[in-house]
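Asks: Structure in structure tokens, see below.
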Amino acid sequence: MDEATNVIERPSTAEAVDGATTGPRRPAPAWRLRYNPALDGIRGMAVVVVLLFHAGYAGVRGGYLSVSTFFTLSGFLITSLLLGERSSRGGIDLLAFWSRRIRRLLPASAATLVAVAVGSRIWSELSHPGVGGDIVAAALQVANWRFLFDDQAYADLFSSPSPVLHFWSLAIEEQFYWVFPVLTVAVLAVTRGSIKAYGAVLAALVAVSAVATALLGLGERTAIYYATYVRMGEILIGALLAVAVALGLTRVRAVTRLALPLGGASLAAMVWCWANLEQETPFVSRGGLLVYSLLSAALVLSVSVPGLMRRVMAFEPLRLLGLVSYGVYLVHWPIFLVLDPQRTGLDRFPLTVLRVGVTLAVATASYFLVEKPIRRGWSAPAVPMPALAGLAVVTVLLVGVTVPAEPGSGASADIEALWADSAKFQDPKAVPADALIGVALGDSTMLETARGLGAWGAQSGEIVLPYTRVTNALGCSVSRGGERRSRGAVGPVPAECAVWADTIAPEVARLRMIYGRVDFAIVQTGPWEVTDRKIPGDDRFRSPGDPVYDRFLHDEFARATDLFLEQGVVVLWLLAPQIDIGRNEVPPPESPYPESDPARMDRVNEIIQDVADERQGAVTIDLPGYLRRQDGGEMDDGLRPDGVHFTLDGAYEVSREFLAAEIRRAVRYEPLPTPRDGTAAPVTSLSP
């Protein structure tokens with residue numbers, strides 16, 4: 001996404017770049033760096049795809065892949081520049097390289113982050129939970145790790161998106177700029193300047209990235225997109241291409257002859273990927289990103305030799321857009337968030353025209369007023385670059401850390417603190433005598449509900465939900481095993497989703513030893529239960545309403561319920577509200593996902609009700625009924641903006657206004673089951 005559009009042209013001499021010669025040794029001539037407008041054209045094309053993808057057009061639902069094109073192009077250009085400098089000057093000036101990168105990237109980036117920080121106090125669309133921390137991470141060039149490891153990252157994916165979410169890719173490139181030149185200098189020093197040996201090292205690093213991709217692709221999809229060591233493979237493929245060009249690849253007659261069909265085929269394949277490969281497609285997380293980067297490398301190679309492909313990709317509008325593509329990428333996402341359909345009242349096409357027009361205006365102003373003057377030395381020597389960089393970073397950090405954790409909503413910071421304060425109940429002496437002790441089981445919807453319920457309990461002293469390993473991992477339903485198909489992607493149900501079968505009994509026993517009693521178990525599930533499913537031992541996808549699948553769910557729900565009842569614990573099943581999968585997807589689905597069919601969730605709730613009706617000590621709580629009585633209904637944007645999970649605010653509100661009272665009522669009047677060993681269950685102070 002930055003400007004280094006020079007390419008190395010290998011000198012037409014007999015000297016081999018790696019120092020091996022076939023004749024008398026002569027001084028190697030300097031390589032020439034020549035501007036190639038087609039590379040700016042590729043950059044312009046890629047940013048167009050990003051804009052359309054973020055504008056929500058279904059025809060580019062794979063448009064996120066164009067970021068990979070930026071990665072590969074950056075690897076090619078930076079490696080070319082480093083090798084060219086070493087050839088022409090006999091070495092690589094690391095400080096000068098980093099100074100150029102700082103001049104190119106930091107000013108516009110810092111200005112964008114400051115603008116987002118200020119804007120988050122003005123526009124609710126930029127008031128993402130934790131935006132201050134996001135800004136700080138972006139300023140420190142570690143945004144990708146922030147979004148990967150932040151405790152709130154998973155939940156944030158199902159609420160308003162961060163206005164600096166797109167900085168994850170910039171962080172990976174910036175990390176590359178800091179580390180890769182050092183690696184290049186070290187390898188070339190050890191190998192005495194052998195470009196072939198240098199290329200072998202890069203190939204080995206690509207192999208490491210491929211192995212990491214293969215391992216993580218089995219379940220850690222978030223890391224596939226955010227982890228530097230995974231995405232670095234796409235950059236290194238571009239670096240390998242630069243090495244091949246330095247070794248004379250573009251002078252091979254077959255390459256020049258095949259440039260047009262190679263470039264045309266790779267471009268056609270890339271267009272197909274943009275149109276068809278959704279993020280949930282298993283192929284993408286199982287090596288597809290590296291395969292796509294090979295297509296990008298083939299396109300770059302095709303324009304690195306004279307011919308029709310170079311002329312096509314040098315199309316002037318694309319070239320000009322490529323010149324300002326860095327600024328376009330920086331500012332487009334927060335602009336898109338602020339200029340949303342609700343604020344503007346515009347339909348898709350006119351809204352896109354407005355968004356893109358404002359983005360281009362801001363990016364062009366940034367290019368001519370900020371980026372270009374500073375890059376060309378406008379600040380030197382009066383303001384040394386290290387001082388300017390330090391000042392910019394400090395400014396962004398100061399602004400970022402002063403942004404409220406959740407601007408525009410005074411409650412969330414307090415509720416987050418209440419949730420954290422619930423840790424005090426780890427000490428049984430801190431638990432009020434009349435508090436109810438509970439344990440939670442379920443998927444990510446239960447996780448969010450439990451956080452709000454725990455926050456209310458910390459404030460009121462009514463409810464205690466101690467940490468327990470009974471709660472499933474994210475992405476797990478109560479039902480176990482088999483395969484599921486969600487949003488078109490098929491994959492096995494993770495093995496950790498079966499953990500409750502072995503942990504319920506010992507965890508209840510452990511909590512009873514600590515607190516003297518366990519009053520209730522609360523269970524919430526649904527979103528994963530309504531997906532298409534191959535149950536264990538079956539080779540057919542089924543869904544709620546299919547008698548075989550209904551029996552499977554009934555047996556799984558009954559098993560979980562019975563394990564709690566055997567321990568003398570009242571079981572409270574939350575009936576599941578309707579869901580709208582993909583509500584915040586970019587681009588949105590062309591039609592509702594099958595999981596969003598109301599009939600599926602209705603059937604799951606019927607099964608839950610049947611399980612509870614069949615058992616003394618098990619009851620249901622009508623959460624959908626409560627939500628339907630609210631102004632926004634079951635799909636209230638204020639409570640469940642993603643159509644699936646409560647926000648922390650929403651979970652707290654529902655707990656305060658409804659859920660806590662329902663839990664107390666159920667535990668008070670529901671006869672406590674007898675523990676499996678036949679001893680009397682502990683009687684709570686609320687029992688009649």
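The values are calculated or read from the model by the stated rules, or taken from the named source; none is laboratory data. Being a predicted model, the structure only gives us computed values, none of them experimental. For neighbour counting, all protein chains shown are included, and Cβ atoms are generated from backbone atoms with ideal geometry for every residue, glycine included. Surface accessibility is based on the protein's heavy atoms, side chains included, excluding ligands, DNA and RNA. Shrake-Rupley method; radii C 1.70, N 1.55, O 1.52, S 1.80 Å.
Asks: Peptides 426-435, 533-542: what's the order by average Cβ count within 10 Å, highest mean first?
Replies: Details: 426-435: 12.3, 533-542: 15.6.
In descending order of packing, they fall as 533-542, 426-435.
Asks: Something else now. Could you please state, rounded to a whole Å, how far the C-alpha centre of region 254-305 is from the C-alpha centre of region 306-376?
Replies: First find each Cα centre; the distance between them is then 24 Å.
Asks: Roughly how many whole Å is it from the C-alpha centroid of region 162-191 to that of region 75-129?
Replies: 11 Å
Asks: For Ala210 and Ala417, calculate 0.36 nm times their separation in residues minus their Cα-Cα distance, and state this gained length in nm to one decimal.
Replies: Residue separation times 0.36 nm, minus the Cα-Cα distance, leaves 70.4 nm.
Asks: Go through region 615-646 and name the trypsin sites (Lys or Arg not before Pro) that are in a DSSP coil and have 12 or fewer other Cβ atoms within 10 Å of their Cβ. Provide the component values of the computation, followed by the final result.
Replies: On the way: sites: Arg615, Arg628, Arg629; in loops: Arg615, Arg629.
Answer by residue number: Arg629.
Asks: Could you work out the relative contact order of region 481-582, using alpha carbon pairs under 8 angstrom and six or more residues apart, expressed as a whole percent? Working shown, then result.
Replies: Details: 109 pairs, mean separation 32.9, N = 102.
Across region 481-582, relative contact order equals 32 percent.
Asks: Can I ask one more? When the C-alpha atoms of region 30-71 are aligned to their principal axes, what extent does each axis show, in angstrom, from largest down?
Replies: Dimensions of region 30-71 along the principal axes of its Cα atoms: 48, 15, 11 Å.
Asks: Would you mind checking region 79-102 for residues with the amide N under 16 Å from a putative spin-label position 7 Å along Cα→C-beta of Arg376?
Replies: none
Asks: Still on this model: At 1.4 Å probe size, with every protein chain present, just tell me what the per residue accessible area of region 232-383 comes to in Å². If you can, show how the numbers build up before the last one.
Replies: Numbers: 6810 Å² over 152 residues.
I get 45 Å² per residue for region 232-383.
Asks: Going by average Cβ density within 10 Å per residue, which order do the peptides 525-531, 492-498 take, highest to lowest?
Replies: On the way: 525-531: 25.9, 492-498: 16.0.
Those peptides, ordered most packed to least, come out 525-531, 492-498.
Asks: Compute the convex hull volume of the Cα atoms of region 183-338, divide it by the residue count, and report the result per residue in Å³ as a whole number. Don't skip to the end; give the middle numbers.
Replies: Working: hull volume 23.3 nm³, N = 156.
Dividing the Cα hull volume of region 183-338 by its residues yields 150 Å³.
Asks: What accessible area per residue, rounded to a whole number of Å², is obtained for region 545-633 using a probe radius of 1.4 Å?
Replies: Numbers: 3500 Å² over 89 residues.
Heavy-atom SASA per residue in region 545-633 reads 39 Å².
Asks: Which order, highest average first, do 54-62, 642-650 follow once you tally other Cβ atoms within 10 Å for each residue and take the mean per peptide?
Replies: Numbers: 54-62: 18.9, 642-650: 23.6.
The peptides rank, most packed first, as 642-650, 54-62.
Asks: Quote the FRET efficiency, to the nearest 0.05, computed for Arg251 versus Ala599 with a Förster distance R0 of 51 Å and r equal to the Cβ-Cβ distance.
Replies: On the way: r = 64 Å, r/R0 = 1.26.
The formula returns an efficiency of 0.20 here.
Asks: Equivalent ellipsoid semi-axes for region 438-545, as square roots of 5 times the alpha carbon gyration tensor eigenvalues: give them largest first, rounded to whole Å. Don't jump to the answer; show the numbers that get you there.
Replies: Details: eigenvalues 183, 48, 18 Å².
Whole-Å semi-axes of the equivalent ellipsoid: 30, 16, 9.
Asks: Run the quick spin-label model on Val118 and Ala495: label points 7 Å from Cα toward the beta carbon, then report their separation in nm to one decimal.
Replies: 5.4 nm
Asks: Along the Cα-to-Cβ line of Asp610, 7 Å from the Cα, sits a label point; which residues in region 474-512 have backbone N less than 16 Å from it?
Replies: Counting backbone N atoms under 16 Å from the label point, the list is 479.
Asks: In terms of the ratio Rg/(2.2 N^0.38 Å) built on C-alpha atoms, what value belongs to region 298-348? Provide the component values of the computation, followed by the final result.
Replies: Values: Rg = 16.7 Å, N = 51, 2.2 N^0.38 = 9.8 Å.
For region 298-348, the normalised Cα radius of gyration comes out at 1.70.
Asks: Can I ask one more? Evaluate the Debye formula for region 188-278 with equal point scatterers sitting on the alpha carbons, no solvent, and hand back log10 of I(q)/I(0) at q = 0.12, 0.13, 0.14, 0.15 Å⁻¹, in q order, two decimals.
Replies: -0.55, -0.64, -0.73, -0.81
Asks: Based on C-alpha coordinates, I'd like the Rg and Dmax of region 485-623, in Å.
Replies: 16.6, 53
Asks: Let me ask something else about it. If you count the DSSP beta bridges with both ends in region 477-620, what percent of them are antiparallel, to the nearest 5? Let's see the in-between values first.
Replies: Values: 8 of 16 bridges.
Of all bridge pairs located within region 477-620, approximately 50 percent are antiparallel.
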